[in-house]
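Presented below is the structure to which this report refers.
The values are calculated or read from the model by the stated rules, or taken from the named source; none is laboratory data. This one's a predicted model, so the numbers in the text were calculated from it and none came from an experiment. Backbone-built Cβ (ideal geometry, glycine too); neighbour counts: all protein chains shown.
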Amino acid sequence: MHLRPILYVIGLLLGIIAGAMLIAAAVDLAHRNDSWTVFAVAAVFTFIVAALLVVSAWDEKPVRLSIKDGFLLTTLCWVVLTGFAALPFTLLGLSYTDSYFEAMSGLTTTGSTVIVGLDKLPHGILFWRAMLNGIGGLGFIVMAIIVLPILRIGGMQLFQTESSDKSEKVVPRAIELMTATAGVYVLLIALCTLTFVVLGMTLFDAVCHAMASIATGGFSTHDDSFGFFKSPALEWACTFFMIAGALPFVMMIRALRGEPGALYRDEQVRGFIGFLIGVSLVLGLWLSITKGIPFLDAVRLTSFNVVSVVTTTGFASDDYMKWGPFAVGVFLVLTFVGGCSGSTAGAIKIYRLQIAGLLVRSHFTRLTSPNQVVPLSYNGRRLPEDVPFSIVAFLAIYMMTVGLFTLLLTALGLDLVTALSSAAQALGNVGPGLGDIVGPAGNFSTLPPAAKWLLSFAMMLGRLELFTVLVLLRPEFWRR
């Protein structure tokens, strides 16, 4: 175990958090809000701790981190960075429980919030929430593209060819891949901001909602979320950019580097887009028939909210709890789906569901034709032998974990619908669940403190793809 380089990396990341706090302080200063001092104090304290970690852990000898180190580093980053990111909320008067929940929700791009009265908050704290989405979204893309395939977590080894030195790559080295990913990420945020401004948002709202859209984070500057703007054009634009945030960034890099058909050729992208279109049209038709809403308006409403939930963004333009039991059931199922691998989206992910479908089809083929050989291939490539087992194990553990958290939340006094949807949305990093407390028009602040800590842990588990923490809890891991 190499603790020094792990502490060194955490120190560097805390330095980034401190710098982001200073940006939030500058936003408050520009709007003449006295709360800028809160960010200044938090930034100084965070920077001091960061500097101590970097100086004490610095070693001129290069160290190659093992898989064990990778597991521990990814886990500690979420825990420690969230602890410091919560400081501005605490200094502004929230309890540390609420502050940690809000910071974890932001960095994991979940989008659940315990803060009421967003419209009246200082600009700095609203910008800080948006930046947490932005930082968390980029961090998870890099982890999903570079770290998770190497750790062979939940079938992510299927995409190891995108970053491994042993095979064909988009760009030669990991650092170049990180740079290209960050470039595409920033470009999408800039395009989204410009689009929102042109369509009527203020620059401040546009920047905050652009970061939340591309990061699929869902933090808004208004209590009514995206429904505040009451603009069909803005809803369609946001729908487009939420989808962009849930697409594989490696494929977007390829498209920008001279392979415009890379996105279309990707099997998970086609499946993802087709799924969104199909569900939106079916639900839109049902909403139009049952509620008497014009079909095009119904499709706009369903498209925005379906995309928001499937991409795990969490924006809401309407309270779909009022659409009827069928719609509520659909949105509960959508909570588990997720976007593409190597994107900012959470939940199960489309490629796992596609491969699970291949496994089911292969199984039934063998039942009817025992002698027939059914090769399993995905995206034109034969699946590595360990991928099917890894994905089945992930799906089993995922559903078992949702069940476990549901039981724990019911033990804390939550009703079954609230407990189940809370567990599903937290592990999927979706944001809204179902019911009066955690639904799209709900109020997470009314949850018991123990439930908030439990859901904070669930949000982290979701971003760590479950396996990281489960591996760390195994005694054999520490005895190696």
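List of remarks:
- When Leu65, Leu148, Leu76 are screened for being modelled with pLDDT under 90 and assigned to a loop (DSSP other than H, G, I, E, B), only Leu65 passes.
- Filter result for the condition that a residue is surrounded by fewer than 16 Cβ atoms within 10 Å (Cβ to Cβ) and assigned to a helix (DSSP H, G or I), over Val402, Val360: Val360
- The one condition in (1) surrounded by fewer than 17 Cβ atoms within 10 Å (Cβ to Cβ); (2) modelled with pLDDT of 85 or more that Leu53 fails to fulfil: (1)
- When residues in the stretch 375-391 are screened for being among the aliphatic types (A, V, I, L, M) and either exposed (fewer than 11 other Cβ atoms within 10 Å of the Cβ) or not in a loop (DSSP other than H, G, I, E, B) (or both), 2 of them pass.
- Matching residues in the stretch 181-197 - criterion: being of a type in the set (S, T, N, Q) and surrounded by fewer than 21 Cβ atoms within 10 Å (Cβ to Cβ): Thr195
- Listed by position, the helices (runs of 4 or more DSSP H) enclosed by the stretch 246-345 that each have at least 3 residues that are farther than 22 Å from Pro232 by Cα and not aromatic (Phe, Trp, Tyr) are 249-256, 262-265, 267-291, 325-334.
- Selection count where residues are modelled with pLDDT of 95 or more and of a type in the set (Phe, Trp, Tyr), scope the stretch 209-239: 1
- Evaluation of Gly200 against (1) surrounded by fewer than 21 Cβ atoms within 10 Å (Cβ to Cβ); (2) modelled with pLDDT of 90 or more; (3) part of a helix (DSSP H, G or I); (4) in contact with a helix residue (DSSP H, G or I) (Cβ under 8 Å, 6 or more places away or on another chain) (one fails), failing number: (3)
This table checks each residue for (1) over 23 Å from the mean Cα position of the chain (by Cα); (2) among the β-branched types (Val, Ile, Thr); (3) surrounded by fewer than 17 Cβ atoms within 10 Å (Cβ to Cβ).
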| site | (1), (2), (3) |
| --- | --- |
| Gly261 | yes, no, yes |
| Arg265 | yes, no, yes |
| Val269 | no, yes, no |
| Val282 | yes, yes, yes |
| Ile289 | yes, yes, yes |
| Leu301 | no, no, no |
| Trp323 | yes, no, no |
| Gly329 | no, no, yes |
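- Restricting attention to the stretch 412-458, the residues that are of a type in the set (A, V, I, L, M, F, W, C) and surrounded by 22 or more Cβ atoms within 10 Å (Cβ to Cβ) total 15.
- Here the stretch 363-374 is the region considered, the condition is being in a helix (DSSP H, G or I) and of a type in the set (S, T, N, Q), and the residue that is nearest to the chain's Cα centre (by Cα) is Thr365.
- Ala244 small (Gly, Ala, Ser), crowded, with 24+ Cβ neighbours inside 10 Å and at pLDDT 90 or above: no
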